Amino acid sequence: MEALSYLIAAVPLDAAEQKTANAAIGAGFAYGLAAIGPGIGIGYVVGKAIEAMARQPEAAGMVRTTMFLGIAFTEALALIGFVVFILLGL
């Protein structure tokens, strides 16, 4: 921890550089939060799809197709979060 504080103190930043650094840190934190929701959502969708396929194997094809659609829509949220991350970082 002492090494990290030494690195931070070793490079003094002016106001503009500090603002850019804070924006990058905030954007990274925001993307981390934006990735949590889709991660939980995809896990839930896949878990329920596996449960449905185990209960009714004859409907596995339809359930699999619906699962992939749900994954795609949920993953779109993570991509939107990534775009916002890029926009905030610039």
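The values are calculated or read from the model by the stated rules, or taken from the named source; none is laboratory data. Keep in mind that what you see is a predicted model, and the values were worked out from it rather than measured. Counting neighbours? That spans all protein chains shown, and the Cβs are built from the backbone with ideal geometry, glycine included.
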Query raised in the report: Taking the stretch 55-68, which residues are among the hydrophobic types (A, V, I, L, M, F, W, C) and either more than 30 Å from Gly28 (Cβ to Cβ) or at pLDDT below 85 (or both)?
Result: Ala59, Ala60, Met62, Val63, Met67
Requested in this report: Name the single residue, out of those in the stretch 23-50 being more than 20 Å from Val83 (Cβ to Cβ) and not β-branched (Val, Ile, Thr), that is surrounded by the most Cβ atoms within 10 Å (Cβ to Cβ).
Outcome: Ala49
